[in-house]
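These notes are about the structure you will find just below.
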Amino acid sequence: MAHSSAYSAIEIDDDEINNATELQFQNFTSSDTATAAPTGNLSSSSASTPQPRPTGFGSSGIFNPGRAAQEQAVNRPIWSIEYYAKFFDVDTNQVLERCFASVIPKDNFLEVMGGSPDLYGPFWIATTVIFVLFVTSSIVDSINAYLNGTTYSYNIYQMTFAFGAIYTYAFIVPLMVWGATKYFGCQPDLLEMLSLYGYALTIWIPVSVLSVIPIELARWILLGIGAGLSGVFLIRNMYPVLSRAEAQIAKIILILVIAFHGALALVLKYKFFANTSTIAPPADPST
Amino acid sequence: MNNSVERDDFLSPAAPSYAEATYSDTYDNPFETNIPQRMNSPSIEPDDVPLPGQKPLSPTRSPLPKVSGNIGSSSNAASSGSASNNLGGGGAGLGVGQAMMGSAIDTLDEPVSETLLRDLRNVGAKLQQVLYPKGRKDILKDWDLWGPLLMCLTLSIVLSVKAQADQKITVFTWIFIIVWMGSAVVTVNAKLLGGRVSFFQSVCVIGYCLFPLVLVSIVSIVVPSIYIRLPLCGVAFAWASWASLGFLSDSNLANRRALGVYPLFLFYFIIAWMILIS
């Protein structure tokens with residue numbers, strides 16, 4: 001069904017410049033240019049179309065995708081992919097900087113983000129944590145199996161559980177906290193809340209990797225460090241928002257946030273870094 | 001950059017020819033300008049050639065009404081209101097592309113086996129390109145989803161056969177979800193970062209580049225030793241990442257390249273890991 005000769009007409013995306021020159025060469029009238037855009041707001045998009053073009057022509061190096069993404073995001077309907085580009089408007093350095101600032105919470109994270117919270121970090125950090133948890137927990141299990149002298153076969157439900165737990169913590173919990181603070185008039189920002197919770201997960205990547213060490217004390221210490229650092233990070237950056245509510249309500253929300261955080265830490269410990277002794281009892285009666 | 005929306009949903013290939021038609025229609029007699037151009041195109045070639053053993057009634061008139069009928073309908077569609085028509089040009093443009101594709105090779109009276117084999121040969125050529133990504137880079141630009149489906153099913157079946165007895169279905173589901181959702185999410189991520197990628201091309205490339213990993217998963221059915229599988233998986237992971245990077249290198253992501261590439265590594269890594277531990 002796919003013949004190279006026929007589809008050659010379709011490969012447009014890569015030689016944009018060729019295509020662009022072609023389009024211009026054919027001398028579109030203004031109405032033609034406007035109709036090329038599939039969205040409803042023809043006039044604005046056709047007006048902004050020529051602006052990035054000249055820089056794009058000279059050399060692709062000058063072309064700055066970040067700026068273009070920002071321009072593009074203006075006036076996009078909410079169901080189009082381009083609408084969400086503004087949440088992904090970050091550079092590699094920015095993401096690394098934010099990850100680092102979340103692991104060592106000495107600066108105010110909202111200042112580090114500089115008023116442009118992103119969703120790239122929360123989504124990919126959460127996904128990374130899920131996969132890292134699966135990988136390390138399978139290593140931990142195989143070490144346990146080796147120590148117990150049994151053969152190891154991996155447990156895919158670990159992955160299912162990790163997906164459920166981490167995505168809940170990264171997306172549902174901030175949504176709930178946002179809803180609660182909004183209800184009590186703290187004027188929270190949903191995007192900031194999601195960023196905060198997402199980047200707070202960064203510390204769990206090194207903690208999970210190091211928890212492979214089969215020493216129970218080391219695992220507990222690592223868990224404490226992870227939970228402590230990300231907890232401090234969360235509360236410190238959430239406090240300005242919470243302090244807008246009444247003292248009593250702020251205290252309750254704060255306790256709930258800490259409770260959720262502690263629950264995540266314990267779930268990770270007992271689900272993914274279970275020590276040999278928790279595995280051993282079922283094996284004992286058989287011996 | 002701003003045009004990347006249109007460029008991605010495949011109506012742009014038809015757009016130039018469309019614009020041409022509209023343009024010429026508004027200023028010229030469509031029969032004069034379009035007939036020679038259309039007769040050069042292969043899409044209506046079969047119509048011009050009289051069937052063997054059949055004499056045209058009048059040699060000067062008979063090809064013309066046929067051809068003009070053809071053109072009439074298409075130019076009608078093209079000129080019936082430029083705005084609305086070009087807006088909805090997605091479907092129409094695709095239709096033109098398909099018409100061209102269908103008639104590029106005469107597939108009417110060939111055996112079914114030939115039709116199937118041609119698709120398989122296509123998939124085979126692309127797989128070869130993935131294994132040795134040095135020759136024609138653009139072969140993966142005419143995307144198909146047969147290859148990714150084949151890779152995905154092979155991987156899912158091999159891994160689910162080797163899984164624990166009560167987890168076979170879950171393993172199959174996870175591999176299937178990871179391959180399709182993974183490639184879709186990686187592509188959408190690159191688009192959101194402002195990269196110039198086409199959705200299905202990218203999904204096709206990511207799927208085809210699973211091939212080294214699929215090979216290793218098949219090999220590891222018969223090789224239980226971890227000391228052989230670990231380096232094999234490592235090599236296959238590096239190979240798959242390298243091949244897909246080569247194909248997706250021109251997505252123009254300037255200083256956020258690492259952000260687009262990282263999910264790709266994550267995707268291949270988790271699959272390589274599941275092959276390793278299964």
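The values are calculated or read from the model by the stated rules, or taken from the named source; none is laboratory data. Computed from a predicted structure; not experimentally measured. All Cβ positions, glycine included, derive from the backbone under ideal geometry; neighbour counts span all protein chains shown. Note: areas computed on protein heavy atoms with side chains; ligands, DNA, RNA excluded. Shrake-Rupley method; radii C 1.70, N 1.55, O 1.52, S 1.80 Å.
Residue by residue through the stretch A:84-120, note down the ones that are part of a helix (DSSP H, G or I) and more than 10 Å from chain B (Cβ to nearest Cβ). Before the answer, list the steps.
Pass one, the stretch A:84-120, residues part of a helix (DSSP H, G or I): A:84-88, A:92-103, A:109-113, A:120.
Result: A:E97, A:R98, A:C99, A:F100, A:A101, A:S102, A:V103, A:F109, A:L110, A:E111, A:V112, A:M113.
Residues in the stretch A:168-187 that are without any contact (Cβ under 8 Å) to a residue 40 or more places away in the chain and surrounded by fewer than 18 Cβ atoms within 10 Å (Cβ to Cβ): how many? Spell out how you get there, then give the answer.
Step one: filter the stretch A:168-187 for residues without any contact (Cβ under 8 Å) to a residue 40 or more places away in the chain, giving A:168, A:172, A:174-176, A:178-179, A:182-183.
Next, only the ones that are surrounded by fewer than 18 Cβ atoms within 10 Å (Cβ to Cβ) stay: A:168, A:172, A:175-176, A:179, A:182-183.
Residues in the stretch A:168-187 being without any contact (Cβ under 8 Å) to a residue 40 or more places away in the chain and surrounded by fewer than 18 Cβ atoms within 10 Å (Cβ to Cβ): 7 in total.
Residues of the stretch B:140-155 being buried (at least 20 other Cβ atoms within 10 Å of the Cβ) and free of Cβ contacts under 8 Å to residues at least 60 places away in the same chain, which ones?
In the first step, residues of the stretch B:140-155 are kept if they are buried (at least 20 other Cβ atoms within 10 Å of the Cβ); the result is B:140-143, B:147-148, B:151-152, B:155.
If the condition is that a residue be buried (at least 20 other Cβ atoms within 10 Å of the Cβ) and free of Cβ contacts under 8 Å to residues at least 60 places away in the same chain, then B:D142, B:C152 are the ones that fit.
Give the residues of the stretch A:132-162 that are open to solvent by 10 Å² or more (accessible area, probe 1.4 Å), β-branched (V, I, T) and either under 27 Å from A:Q94 (Cβ atoms) or assigned to a helix (DSSP H, G or I) (or both), sorted by residue number.
Of everything in the stretch A:132-162, those that are open to solvent by 10 Å² or more (accessible area, probe 1.4 Å), β-branched (V, I, T) and either under 27 Å from A:Q94 (Cβ atoms) or assigned to a helix (DSSP H, G or I) (or both) turn out to be A:V132, A:V135, A:I139, A:I143, A:T160.
Quick one: which residue in A:A200, A:A165 is open to solvent by 10 Å² or more (accessible area, probe 1.4 Å) and either of a type in the set (A, V, I, L, M, F, W, C) or part of a helix (DSSP H, G or I) (or both)? If you could, list the steps in order and put the result at the bottom.
Working: A:A200 fails: open to solvent by 10 Å² or more (accessible area, probe 1.4 Å).
Just a single option satisfies the conditions, and that option is A:A165.
Take A:V129 and tell me if it is touching a Phe, Trp or Tyr at 6+ places or on another chain (Cβ under 6 Å), open to solvent by less than 10 Å² (accessible area, probe 1.4 Å) and part of a loop (DSSP other than H, G, I, E, B).
Values: touching a Phe, Trp or Tyr at 6+ places or on another chain (Cβ under 6 Å): yes; open to solvent by less than 10 Å² (accessible area, probe 1.4 Å): yes; part of a loop (DSSP other than H, G, I, E, B): no.
When the stated conditions are applied, A:V129 does not pass them.
If we scan the stretch B:164-178, do we find a residue that is under 20 Å from the mean Cα position of the chain (by Cα) and surrounded by 22 or more Cβ atoms within 10 Å (Cβ to Cβ)?
Checking the stretch B:164-178: not a single residue is under 20 Å from the mean Cα position of the chain (by Cα) and surrounded by 22 or more Cβ atoms within 10 Å (Cβ to Cβ).
Against the conditions (1) more than 14 Å from the chain's Cα centre (by Cα); (2) in the same structural domain as A:I156 (by TED's automatic domain parsing); (3) open to solvent by less than 30 Å² (accessible area, probe 1.4 Å), where does A:D118 fall short? Just the number, please.
(1)
In the stretch B:212-230, is there at least one residue being open to solvent by 30 Å² or more (accessible area, probe 1.4 Å) and either at the interface with chain A (Cβ under 10 Å from one of its Cβ atoms) or in contact with a Gly (Cβ under 8 Å, 6 or more places away or on another chain) (or both)?
Looking for residues that are open to solvent by 30 Å² or more (accessible area, probe 1.4 Å) and either at the interface with chain A (Cβ under 10 Å from one of its Cβ atoms) or in contact with a Gly (Cβ under 8 Å, 6 or more places away or on another chain) (or both), one finds at least one in the stretch B:212-230, hence yes.
Yes or no, residue by residue, for (1) outside the structural domain of A:V129 (by TED's automatic domain parsing); (2) at pLDDT 90 or above; (3) within 18 Å of the chain's Cα centre (by Cα):
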residue	(1), (2), (3)
A:Y197	no, yes, yes
A:P206	no, yes, yes
A:L210	no, yes, no
A:L229	no, yes, no
A:L242	no, no, no
A:A247	no, no, no
A:I255	no, yes, no
